[in-house]
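For reference, the structure discussed in these notes is given below.
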């Protein structure tokens with residue numbers, strides 16, 4: 001029997017769900033998406049490597065899906081599993097390679113020192129809002145606000161416009177009843193920014209995208225901007241929150257709280273292996289009948305990339321230990337042609353690491369203010385992150401470096 005991807009335990013204890021799937025079905029498990037729509041979840045490391053590395057057999061072209069006739073127009077997953085969406089996610093072949101190069105070049109123009117300074121500035125401004133109280137929720141008052149503010153700034157939005165995007169992107173990615181409203185607001189904001197930068201270019205990512213766009217239309221630029229924002233903000237926010245949680249609850253990373261900065265990198269890398277923000281990702285579509293992981297895959301079948309399942313595959317994790325330090329062979333940024341562009345990975349890492357360092361510098365005696373076992377995870381089949389992270393600390397004065 002297929003296993004529902006969204007259900008009891010799927011967000012609180014997904015590791016157990018993946019183990020149960022593996023025991024029952026092997027590396028490729030039959031699942032049900034919202035509305036009992038069938039798909040496959042690829043949780044084998046080698047199988048996921050094969051799927052993401054063979055675009056001729058496992059395409060990103062969503063037009064190939066054999067279930068479109070069974071999916072209603074108001075299906076809540078349409079914002080993340082779409083049809084005829086003109087974004088880079090659904091572009092294939094040489095056109096995708098040209099488009100990926102355009103986006104990479106645009107993001108590569110971000111000065112790392114300026115990015116870090118912006119990240120510090122926004123982080124300090126956010127901490128100024130609660131540092132005098134001696135308590136805070138580091139998810140909702142900090143991690144969920146920092147990446148979008150930095151990204152909005154480097155892409156070309158004003159700070160106020162960036163703040164307004166937080167709720168819309170969260171609603172869209174969570175794929176709940178507010179998903180369409182969130183998608184509409186992000187689209188409108190992206191469309192307005194592209195129009196503004198066409199009329200008046202500036203030193204930002206959107207202006208560089210427009211300068212190098214070649215044959216790509218305004219609508220395609222808008223769609224790609226939406227992807228950059230949604231894929232950049234929420235996973236980075238969850239990376240910050242989960243890393244801070246790990247440092248506050250795991251004795252191996254206690255040095256981070258007392259100035260041991262090398263363990264910050266280790267904690268961040270462990271999160272990507274053990275609790276990666278992007279748990280599952282749609283998707284690939286079989287271009288013909290084939291076999292994968294002992295399963296018969298039909299032409300047009302949808303395969304969901306089970307990133308966390310693959311990261312924890314016992315076939316490649318034979319000793320059961322965490323792979324930290326310099327081992328980056330995880331799937332947290334995907335793999336193959338549709339892998340997250342390297343400049344985007346660097347931007348995410350700079351924002352996340354800077355955000356964590358500023359917290360530890362500003363709040364040196366920080367500690368959880370609730371039992372660790374009481375913390376909850378957000379209900380999403382795609383992204384894994386805490387709903388809150390309440391902490392206490394000695395009140396400290398605000399720096400006053402800017403408005404939050």
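Every number in this text was worked out from the coordinates using simple rules, so none of it is lab data. Note that the structure is a prediction, hence the values are computed from the model and not measured.
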Review point. Quick one: Cα centre-to-centre distance for the range 274-320 and the range 343-387, in angstrom?
Key: 27
Practice item. Using only the alpha-carbon atoms of the range 80-239, report the extent along each of the three principal axes, biggest first, to the nearest angstrom. Key: 53, 38, 27
Review point. Mind checking which of 76, 341, 112 has the largest fluctuation in a GNM of the chain, springs on alpha carbons under 10 Å?
Key: 112
Practice item. Normalising by the residue count of the chain, find the relative contact order in percent from Cα pairs under 8 Å and 6+ residues apart. Key: 28
Check your understanding: Going by the alpha-carbon gyration tensor, a ≥ b ≥ c the square roots of its eigenvalues, is the range 355-404 rounded (a/c under 1.5) or, if a/c is not under 1.5, prolate (a/b greater than b/c) versus oblate?
Key -> oblate
Revision key, fill the gap. Per GNM of the chain with C-alpha springs under 10 angstrom, the most fluctuating residue out of 69, 224, 54 is 69
Review point. Which value at 222 nm does the chain reach when only helices count, each DSSP H run of 4 or more adding -39,500 (n - 2.57), with the total divided by all residues and rounded to the nearest 500 deg cm²/dmol?
Key: -14500 deg cm²/dmol
Study note, to complete from the structure: If one builds a Gaussian network model of the chain from Cα atoms under 10 Å apart, the most fluctuating residue listed among 181, 73, 388 is 73
Check your understanding: Does the chain come out rounded, prolate or oblate by the C-alpha gyration tensor, with a ≥ b ≥ c the root eigenvalues, rounded set by a/c under 1.5 and, if not, prolate when a/b is larger than b/c and oblate if not?
Key -> oblate
